[in-house]
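The values are calculated or read from the model by the stated rules, or taken from the named source; none is laboratory data. Keep in mind that this is a model prediction, so the values were computed, not measured. Quick reminder, even Gly has a Cβ in these numbers, built from the backbone with ideal geometry, and neighbours come from all protein chains shown. When the accessible area is computed, the model is the full protein with side chains, heavy atoms only, and any ligands, DNA or RNA have been set aside. Shrake-Rupley method; radii C 1.70, N 1.55, O 1.52, S 1.80 Å.
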Amino acid sequence: MAVRSSSISVAVAPMLTKLQQDCATPLPVLRNVADSMSADIRAGLAVDGGSDLKMILSYVDRLPTGNEKGLFYALDLGGTNFRVLRVQLGGKDERVIATESEQVSIPQELMSATSEELFDFIASVLANFAQKGGNFHLPPGRKGEIGFTFSFPVKQTSIDSGILIKWTKGFSVSGTAGKDVVACLNEAMDRKGIDMRVSALVNDTVATLAGARYWDDDVMVAVILGTGTNACYVERMDAIPKLQGDFPSSGRTIVNLEWGAYRKGLPLTVFDRDMDAASINPGEQIFEKTISGMYLGEIARRALLYMAEEGSLFGTSVPEKLSMPFVLGTPDLSAMQQDTTDDLQTVGSVLYDVAGVESTLNSRKIVLEVCDTIVKRAGRLAGAGIVGILQKIEEDTQGVIFGKRTVVAMDGGLYERYSQYRRYLKESVAELLGPETSQNIVIEHSKDGSGIGAALLAATNSKYDRNY
Ligand code: ADP
Ligand code: MG
């Protein structure tokens, strides 16, 4: 990069070079991450606790085929919003006949209320939604069936039960940890007099895979890149040593990697280490902290603050707001990187608006280089993780992945809205696989696959023998 000589750049240039070196992801680094991801997947499938990757069994062993028919519901609880959805499925020919959905934000006080209070709220939103039935009909005597997307760490015990390990993402509801969250919801529905049942409990990654698979049989992997990150894929049951009991040897199931916990061979900087140390979960979720939306802005902020303090990036004084953790968000990085003006006006106004920084053209250029360095590393490492999954499946089944069309379904705000991130991710996959193989691998945004996906899993796991 061209850094013009000025008193600012002279001091900052070596800092930028060091950051770029520390974040570099040349092919050998990517290959090592892909290989280690494959090895970790294998170790986690062998035995519980065998790897950084938990390789959680989803109990989803019937994937949507397109033949599903009838009315099904989905509930999605995974962050600040709660969504209810219903879908009328018409089988192979008619597919999705109609969907309706409603979104409400979880009142702040319920995030630290009792378990009963939270689940009563969910049940009452559902009751209200179900009453406004519209054109949707259930045959007489048949209960409404729900696919429940619950994106908190759960120890799944069957397709329709799972024990909450702990609340995350700002939830501190008392009395749920250690309990079956499906039972909690069923009890709340009983209290509200709602005659419905949960047929499938899934996380958002699994629901995304199911939703994408409904439209395309070649979907084998799903990845979420949003506030956090996770991935899952379709595995053969006989390739899962830790899976006990009888199963058909041809059987397949979805396995949830919980890949945010991956950690081997990642190029990390002092800014990553400091951010981790200051986090609520130091030493944990290192891959997530390197590649997901919650953290990219914060890593960049830490690098910029250092350059401001030690290299006078923004002149002699250091803007006070730049010292505030998380003041710079990943959407700010992406807004700055979309700037096409000659004098980088957007970069200037974002810096001023979010961090109170007065910048020159030279310092804006350096800011852009810092953003690009952090985002490039993130996108390329995410790509290497994806190749690690594909590689593992390919090793077991020569030609089944790389020798034909294979689809990776992507979702999450970071992937959806950050074009440079997407580009770096795809570039890394292409570099790792080579031109020929990478033509077979389709990396595709699955818009809102998870809502319909959960309803589809309620259908494929219906308690009733027949569709109607
Ligand atoms: P969640 O992961 O909480 O379910 P989303 O999938 O909607 O939610 O992702 C939200 C995250 O996506 C935000 O935390 C942010 O990091 C990232 N994000 C949102 N908008 C943008 C944007 N314009 N550019 C880059 N990243 C964005
Ligand atoms: Mg989400």
Condition met for Lys404 (modelled with pLDDT of 95 or more, among the basic types (Lys, Arg) and not in a helix (DSSP H, G or I)): yes
Kindly evaluate Asn67 against the criterion of being open to solvent by 40 Å² or more (accessible area, probe 1.4 Å) and modelled with pLDDT under 95. yes
Please give the strands (runs of 3 or more DSSP E) falling wholly within the range 122-177 in which 3 or more residues are modelled with pLDDT of 90 or more and either within 16 Å of ligand 2 (Cβ to nearest atom) or closer than 23 Å to Ala98 by Cβ (or both). 144-150
Every residue from the range 66-85 that is in contact with a helix residue (DSSP H, G or I) (Cβ under 8 Å, 6 or more places away or on another chain) and away from ligand 2 (no atom under 16 Å from the Cβ): Gly66, Asn67, Glu68, Lys69, Gly70, Phe72, Tyr73
Filter the range 185-209 down to the residues that are away from ligand 2 (no atom under 16 Å from the Cβ) and open to solvent by 10 Å² or more (accessible area, probe 1.4 Å) and list them by number. Asn186, Glu187, Asp190, Arg191, Lys192, Gly193, Ile194, Asp195, Met196, Arg197
How many residues are touching a residue at least 40 places away in the same chain (Cβ under 8 Å) and part of a helix (DSSP H, G or I) when one looks only at the range 407-418? 4
Which numbered condition Val318 misses (of (1) of a type outside the set (S, T, N, Q); (2) assigned to a loop (DSSP other than H, G, I, E, B); (3) surrounded by fewer than 21 Cβ atoms within 10 Å (Cβ to Cβ); (4) under 22 Å from the mean Cα position of the chain (by Cα)): (4)
How do the pairs read when you match residues in the range 206-225 that are under 17 Å from Phe402 (Cα atoms) with residues anywhere that are in a helix (DSSP H, G or I) and away from ligand 1 (no atom under 16 Å from the Cβ), using Cβ under 6 Å and keeping only pairs 6 or more apart or on different chains? Val219/Arg213; Val221/Ile389
Just one listed residue, out of Leu75, Leu110, Leu53, is part of a loop (DSSP other than H, G, I, E, B), hydrophobic (A, V, I, L, M, F, W, C), open to solvent by less than 30 Å² (accessible area, probe 1.4 Å) and closer than 22 Å to Pro153 by Cα, and it is Leu53
In the range 413-429, what residues are open to solvent by less than 40 Å² (accessible area, probe 1.4 Å) and more than 16 Å from ligand 1 (Cβ to nearest atom)? Ser428, Val429
Do you know which residues across the range 159-173 are at negative phi and open to solvent by 60 Å² or more (accessible area, probe 1.4 Å)? Ile165, Lys166, Ser172
So which of Leu225, Leu243 is in contact with a helix residue (DSSP H, G or I) (Cβ under 7 Å, 6 or more places away or on another chain) and either open to solvent by less than 20 Å² (accessible area, probe 1.4 Å) or within 18 Å of Asp120 (Cβ to Cβ) (or both)? Leu225
Kindly indicate which of Ile280, Ile291, Ile299 is under 28 Å from Leu225 (Cα atoms) and in contact with a Phe, Trp or Tyr (Cβ under 8 Å, 6 or more places away or on another chain). Ile299
Under 7 Å by Cβ, and 6 or more places apart or on different chains, what pairs join a residue from the range 233-247 that is on the phi > 0 side of the Ramachandran plot and part of a strand (DSSP E or B) with one that is among the hydroxyl-bearing types (Ser, Thr, Tyr) and crowded, with 17+ Cβ neighbours inside 10 Å? none
Check the range 132-144 and report whether any residue there is buried (at least 19 other Cβ atoms within 10 Å of the Cβ) and among the aliphatic types (A, V, I, L, M). no
Could you list, in sequence order, all residues of the range 252-267 that are open to solvent by 10 Å² or more (accessible area, probe 1.4 Å) and part of a loop (DSSP other than H, G, I, E, B)? Glu258, Arg263, Lys264, Gly265, Leu266, Pro267
Counting only residues in the range 402-411 that are surrounded by fewer than 23 Cβ atoms within 10 Å (Cβ to Cβ) and either of a type outside the set (Ser, Thr, Tyr) or within 16 Å of ligand 1 (Cβ to nearest atom) (or both), the one farthest from His445 (Cα to Cα) is identified as Gly403
Checklist (1) within 23 Å of Leu16 (Cα to Cα); (2) modelled with pLDDT under 95 applied to Gly399, failing item: (1)
Please determine whether any residue of the range 442-455 is within 23 Å of the chain's Cα centre (by Cα), over 19 Å from Ala231 (Cα atoms) and modelled with pLDDT of 95 or more. yes
